[in-house]
Structure formats: structure tokens, C-alpha cells
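Engineer: Below is one structure. I have some questions about it.
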Amino acid sequence: MPDADLDGRRVLAIVTNYGVEQDELVVPVEHLRDDGAEVTVAAVSADPIETLVGDKDPGRTVQPDTTIAAADPDAYDLLLVPGGTLNADSLRLDDDALDVVRAFADAGKPIAAICHGPWALVSAGVIEGKDVTSYASLQTDLRNAGVASWTDTSVVRDATRYPLVTSRDPDDLDDFLGAIDELLSAD
């Protein structure tokens, strides 16, 4: 994947402090920063983020830059919602996280969600009418939330109401990151 020039672009990644899938957080953050974007990792609390690999094995520990409650959605160009079953299930119950998701959607700003990340969009009430993909087990939840279509493919882009990029799992990160780069590179 060619490097994108993302200088001046700001990305907000929201996660809980336990259970985010390591590569769905770490790989996008490192990729975007390497391409010049300023990435802020916001967690529920200021405590270290304990990532997991495959929802079970301990991964890297990541220090958040801020809390979700303290993050200002207006200051960012794109919202990144990583997965991990435990992370996503807890994140969709966090009012501050749901407020951030709604703020991005209401402002027409891009959102990128991978794996179980779209659960937050369901709980925020911003997924209806969208074309999406996700981890396979979420397809019924997404259909019940009113998505236009769910497709088993590496990445799905939808521009209805707000730009949305969704992806299935860490195996699809190259396609997911390419789609994010395209969104952030557009004028």
C-alpha cells in the first residue's frame, strides 16, 4: 500500500481500557502516524489500555492520550472505532463514546469501524441505511439495526449521510487502511 500524505489530518480513536484487538488499534495508529496524521487515542479512563490478541491472549499495553469524555469531536477529521469483542461490547454501553459517534455522524465526518467496532454505531443509532461489513457474527445485529446491506468482503465504503468505512477483521487491515487513507486524502 503506497504511503499517503496525511499531514494536518487529525484522527480520534476511541476504545475501552481492556479488550481492544491489538492490531485493530496499534496497526492503524502506527500507519496513520507514519503517514503524517495526528492520532489521538482516547479511552474510557486515563489508565493504560490492555489490548488482546484474538480476544484472549494478552497484547501490547497502550497509554491513551486522553479520555473519551475529554475529546472534542470537532477537532478531528475521522473517527476510528477498533474492535475486539470485549472492547466493542463495553464501548457501546459508554455514553461518552456514543456521543462522540453521534457527533461525527451528525457533522457528516468520516467514521472507520472494524470487526466488532460497528456495534458502537448500532447503539448510537447512526447505522440505518448504510452498506457495511463487520465480523461475521455481527451481521444479524446490523441487519436488525436497519443497514441497507451487509456484505462479507474485506472493506465496504458508504457515503450515505456521512462517509463510513467498515472492515471484517485484522486480516483485512491493508484494505481498511487504504480506504481510510483515501478518505483522509480527499479534499
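Read-outs: derived from the displayed coordinates by stated rules, not from any lab. What you are looking at is a predicted structure, and each value in this text was computed from that prediction instead of being measured. Please note: Cβ atoms are built from the backbone with ideal geometry, for glycine as well, and neighbour counts cover all protein chains shown.
Engineer: Sorted by mean Cβ packing within 10 Å, highest first, what order do the peptides 15-25, 137-147, 52-62 take?
Structural biologist: 15-25, 137-147, 52-62
Engineer: Using a basic spin-label model with each label point 7 Å from the Cα along Cα→Cβ, how many nm lie between Arg161 and Asp174?
Structural biologist: 3.3
Engineer: Roughly how many debye, to the nearest 20, is the charge dipole of the chain about its Cα centre, given +1 on each Lys and Arg Cβ, -1 on each Asp and Glu Cβ, and no other charges?
Structural biologist: Dipole of the chain, to the nearest 20 debye: 560 debye.
Engineer: Oh, and also: Residue by residue, what Karplus-based ³J(HN,Hα) values in Hz, rounded to whole numbers, does the stretch 47-58 have, using 6.51, -1.76 and 1.60 with θ = phi - 60° and x for Gly and Pro?
Structural biologist: Whole-Hz 3J(HN,Hα) from phi for the stretch 47-58: 5, x, 8, 9, 7, 10, 10, x, 6, 9, 8, x.
Engineer: Something else now. When the Karplus curve 6.51 cos²θ - 1.76 cosθ + 1.60 is applied with θ = phi - 60°, which whole-Hz ³J(HN,Hα) does each residue of the stretch 91-108 get, with x for Gly and Pro?
Structural biologist: 4, 6, 9, 8, 4, 5, 5, 5, 5, 5, 4, 4, 4, 5, 4, 4, 7, x
Engineer: Mind sorting out which of (1) 14.5, 40; (2) 16.6, 51; (3) 18.7, 60 is the real Rg and Dmax of the Cα atoms in Å computed from the coordinates?
Structural biologist: Answer by label: (1).
Engineer: Using modelled backbone amide H atoms (1.01 Å from N, in-plane), which distant-in-sequence or interchain residues come within less than 5 Å of Val39's amide H?
Structural biologist: Residues meeting the criterion, in which the H sits 1.01 Å from N, are Val11.
Engineer: Still on this structure: Using +1 at the C-beta of Lys and Arg and -1 at the C-beta of Asp and Glu, which of Val26, Ala37, Thr66 has the Cα lying farthest in the positive direction of the dipole of the stretch 1-79?
Structural biologist: Towards the positive end, the residue furthest out is Thr66.
Engineer: Sticking with this one: Mean residue ellipticity at 222 nm from the helices of the chain, using -39,500 (n - 2.57) per DSSP H segment of n ≥ 4 over the full residue count, to the nearest 500 deg cm²/dmol?
Structural biologist: -9000 deg cm²/dmol, from helical runs alone.
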